[in-house]
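Scroll down for the structure; my scribbles are underneath it.
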Amino acid sequence: MAGKSSVERFRETELATEIEFLLARARNLGIIHANEALADLGLRARSYVVLSLAVSGLQPTQRELADFVNLDASQIVAIVDDLERQRLVVRQPAPHDRRTNVIIATDEGHSRYTAARKVTSRAERESLSELSQHEQDMLRELLTRVVF
């Protein structure tokens, strides 16, 4: 065992065969990598997700964002507040219910998202560099089936 890193040692455990653990570890590593890549743009993984959905044209409500990202509503409020301070999004009354706000990307939000998407694409390529393109496509398809 001498000379092996803890990651290499732990790879040999039963835990390392459990899909839920592997997904959680991949998620954590991906978030760390994304946060590092997005830092120069004033974003983090969570704010990137909210900005991405605001840019989508779907006009998500804060409740929808909280449900989709599996965060407490107060966490989404804080993320949207930060994006608003950066002038990347605005809250507007929902067309179907004026008591509810939808999150809309500003022009600056669209520009920042475009830059962030390039950064996250590069980070993803680096994170998945051990996989062939076919394997990456398969992973994306399988994960899509799991989460939707």
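None of the figures in this text is laboratory data; all of them are computed from the coordinates on show. Note that the structure is a prediction, hence the values are computed from the model and not measured. Here the Cβ positions follow ideal geometry from the backbone for every residue, glycine too, while neighbour counts run over all protein chains shown.
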What ranking of Thr13, Thr100 emerges when the number of other C-beta atoms within 10 Å of each C-beta is taken as an exposure proxy, fewest first?
Thr13, Thr100
Arrange Leu23, Leu43 by Cβ neighbour counts within 10 Å, fewest through most, would you?
Leu23, Leu43
Full-extension gain between Ile31 and Ser52, please, as 0.36 nm times their residue separation minus the C-alpha to C-alpha distance.
6.0 nm
Nearest 500 deg cm²/dmol is fine: what mean residue ellipticity at 222 nm does the chain get from its DSSP H runs of n ≥ 4 alone, each adding -39,500 (n - 2.57), divided by its residue count?
-20000 deg cm²/dmol
Output the 0 to 90 degree angle, nearest 10, between the alpha-carbon long axis of helix 133-147 and the longest principal axis computed from the alpha carbons of the chain.
60
So between Arg117 and Leu15, what do we pick up on full extension, going 0.36 nm a residue minus the alpha carbon distance?
33.4 nm
Using the C-alpha gyration tensor of the chain, what are the square roots of 5 times its eigenvalues, in whole angstrom, with the largest one first?
34, 17, 15
Can you tell me, using C-alpha contacts under 8 Å and at least 6 residues apart, the relative contact order of region 43-125 as a whole percent?
32
Listing His134, His33 by rising number of other beta-carbon atoms within 10 angstrom, fewest first, gives His134, His33
Nearest 10 degrees, 0 to 90: what angle lies between the long axis of helix 73-85 and the longest principal axis of the chain (Cα atoms)?
70
In whole Å, largest first, what are the principal axis extents of the Cα atoms in region 43-125?
40, 26, 21
Set the Förster distance to 22 Å, then compute FRET efficiency between Glu8 and Arg125 from the Cβ-Cβ distance, nearest 0.05.
0.35
